[in-house]
Each structure stands twice: as structure tokens, then as C-alpha cells.
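Novice: I'd like to ask some things about the structure below.
Please treat every number below as a calculation from the coordinates, not as lab data. As the structure is a prediction and not an experimental result, all values here were calculated from the model. Glycine gets a Cβ as well: all are built from the backbone with ideal geometry, and neighbour counts include every protein chain shown.
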Amino acid sequence: MPLASSLLFHEPYFFIILTGLTTLASYDSSDVHIIQHQDRQIILVGTAHISQKSVDLVQQVIEEERPDCVCVELDRKRYESLSQKQRWQSLDLKEIIKKKQLATLMINLTLASYQKKLGDQLGVAPGSDLLEATRSADKFDIPIALCDRDVRVTLRRAWKKTSFYKKGYLLTSLLASLFDSTELSEEKLSELKKSDVLSELLAEMGEALPEIKQVLIDERDTFLAEKIKAASGDKLVAVVGAGHVAGIKRALMEDRSAQMEEINTIPPVSPAWKMAGWLIPLLILGSIGYIGFDKGSQAAGANALYWVLANGIPSSLGAFIALAHPATIITAFIAAPITSLTPVIGAGYVCAFIQAMMRPPLVREFENAMADMTTVRGWWSNNLLKVFLAFLLPGIGSMVGSMIGGYEIISNLV
């Protein structure tokens, strides 16, 4: 919608003026808007996270306006990852695996790799616009407000809200994006300015995965708007991805504070899934027990052996394909039949932990992971990515083996 046609007065305590007159003329950019909220002024700057023009615009706005506070579309973790060059030295990979956060780390790196690949074509580091906002604020001793939701909460809410059969589609699409060799044109950059990297990467999934858009875009629009309103000062500069601007403007017009607790919480596992997680192992064990009662201990032993082999072989094969350490391959064979009978932990996490212990990634492998993710060879040569492979492939093998083994044992009941 053109700025000149966007004149809105909806709330008694709040008004927004978004006409051509209120765009800060000295910046010569339609990406800068003034929003009047009660007695406060919010200068909303929409950026592309891989655009040098956006970096320059952010610097100019903060330098000329000298606001009371600079709000940025970052959470604490993402801010540290952008600003701390030695962050990998303090990362405890084994602790991440113990806390079952390896999948989150992998998706984080995948998204960062996609953005880095686009940024490399323009010679601009991903997130330079947001980092420039914090640097400019520091330069003029202006307080900084990190207004985005914790990225771990965002990713885990997206994962929880994605149905089981669509999770594979989501993972496949994310991985496929790494090997996309499309060159970034000016037209493509223009499209990126209308969305942040998350929304651009998942744009083609909009209709297939509406729950993803809700979590990654709509909820964050609300979260960002409420955090911006909570920032101190009479004049604020808020630097956000251009794809969030429209949603933030709508959210600023309403009081959505009551939604904050819900959208900042990871949905718990439903009781039905918890019950299913225990019922399936009990069904397998109960079936083996009944076979032993009905057909004798030899038949029960044969079915138990089938379960071990059906789980252990595909899982260890997955570890072998990952070129994992021999100890990881052996662990996959031993762990899969056991972990398949409990929902507490999967074979993938056990294998990833052993792999990380036997071949711990070097700091440079953490630093090169985003680049290595974009090549098939990189996945097998980088020890961090090999931990991911040791997590994924044995886990898939165990899942397939559980289906085969479970079907065979239940069939033997009759």
C-alpha cells in the first residue's frame, strides 16, 4: 500500500501517521517511517539484512536522529553470535547434545548459511544492518534494546506446530536451500527487502506450511512491536527486517501484551503423544512376552533378536554412511534397539554424543561450518557437520528399523 494512502486513526490512546509527509525526507528512503505513539516518536527502519544500502541507512538515521534508545531485531543469542568473533571457543557441543538442542543448532546454522551465501554475493556479511545499529548506538552512548524473541523459542515453536508428516518436507526444503546455486540479482535483492531471510527461505512453503508463517512472521511481529513499546525514551529508532514492517505497524496499533506469555512459551508435548511414546514400546515388549507365553521361549528369543537386528543394522549403516568413528558405528548398533523402546532419548543423540567425544570439532570447523554446509563434500569433511550426520542418519535408520521390526513382531502374534 502506498504511504500516502495509509492514514490511520484507530485507538484513542494511540495514533499512527504514515503519509508521504512523515517519511523522513533527508533519508530519501521509503524504508524509514515515523510512528507517533502517545507522546513518543518511533522511527521504524525497514532493512534487508544483506544490503550495504541498509547498513548506510541505519547509520545515517541513528547519527542524525540521536534517539533515546535503539531497538533492533535481535535476541541475546543472535546478538552475541554477530558481535563476538570468538564465540565458537566457548561453545560446549557435548552440553548442547545433552540438552537435546543439537537439532536447533543445526537449523540455526542452516538458516545462517543460506543468508551468508546470499551476502557473499554482495560482499556484505549477514546481519550487518543490525550490527551497525548496535555499533552506532554505542558510538553515541545510546541504550540498546534487543527486541526479538529468543531464536531457540522461535524454532522450537515452529517445530512443535508442524505436523509430523510435514516435518520431513520442512527439513528437506531447508537442506535443499543450501545447494541452491541461483545468483542474486538486483531484482532478487529487491524481493529480499520485502521479507527477512526466514520468510524468504520459506516463502514457497506458505500455503503448505501456514503454521510456519504464523510462528516465524506473525508472532514475531507481535513480539517485536510489544518490545519496542516497552523500550524507554521519547524518541526510538527501531531497526527491523523490511518484511516485518507492515506487521509491526499493525501490532503497534493494538495492545497485544496479553499474548506475550503464550507466544514466548514452547508448547508442551501433548498427552496423546506422550502416551503413544510409551504405548508403542510397551506394545512391542508385550508382544514378545505374549509370543513367549503362547509359542515358547525360542520363538520369543527369535523375535527379540529380529528386533535387535532390525534396529541395529539400519542405524549402524547410517553411522557408516556418515563416515562416523568406528565407536559411533558400534554404538548405533547397540543403542538403536534400546532407545527405540523409550521416548526419553533417540539413537541419534547417543551417536552424536559419542561422535563429538571421539572426534571433537576444531574451532576453525565451527567457523567454516556455514560455508561447508553448501557442498556435499563439506558435510563429510567438517567434524561438526559429521556430528550432525551422526545424529541424523542413525536416527533415521533406527526409525525405519523400528517400523520393520514392530510390524514383524506384531504380525507374529497371529
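Novice: What pairs in 166/386; 53/139; 99/386; 227/249 have C-alpha atoms more than 22 Å from each other?
Specialist: The pairs that break the limit, which is 22 Å between Cα atoms, are 166/386.
Novice: With a Förster radius of 56 Å, plug the Cβ-Cβ distance of residue 164 and residue 40 into 1/(1 + (r/R0)^6) and report the FRET value to the nearest 0.05.
Specialist: 0.80
Novice: Sketch the reach of a paramagnetic label on residue 313 as a point 7 Å from Cα along Cα-to-Cβ, and name the residues of segment 372-405 whose backbone nitrogen lies under 20 Å away.
Specialist: 393-405
Novice: Still on this model: At 7 Å along Cα-to-Cβ for each site, give me the label-to-label distance between residue 141 and residue 330 in nm.
Specialist: According to this spin-label approximation, the distance is 6.3 nm.
Novice: Let me ask something additional. What order, most packed first, do the peptides 332-342, 402-412 have when packing is the mean number of other Cβ atoms within 10 Å of each residue?
Specialist: Taking the mean over residues of other Cβ atoms within 10 Å, the ranking is 332-342, 402-412.
Novice: Using each residue's phi in segment 140-146, evaluate 6.51 cos²θ - 1.76 cosθ + 1.60 at θ = phi - 60° and report the 3J(HN,Hα) Karplus result to the nearest Hz, with x for Gly and Pro.
Specialist: So the Karplus estimates, Gly and Pro as x, are 9, 6, 9, x, 10, 10, 7 Hz.
Novice: Sticking with this one: Full extension from residue 358 to residue 345: what is 0.36 nm times the residue separation minus their Cα-Cα distance, to one decimal in nm?
Specialist: That works out to 2.7 nm of additional length.
Novice: Kindly flag which residue pairs out of 77/160; 100/274; 94/167 have an alpha-carbon separation exceeding 19 Å in this structure.
Specialist: The answer is 77/160; 94/167.
Novice: Quick one: which of 275-283, 218-226, 34-42 comes out on top by average Cβ neighbours within 10 Å, and what's the full order, highest first?
Specialist: Ranking the peptides 275-283, 218-226, 34-42 by packing returns 218-226, 34-42, 275-283.
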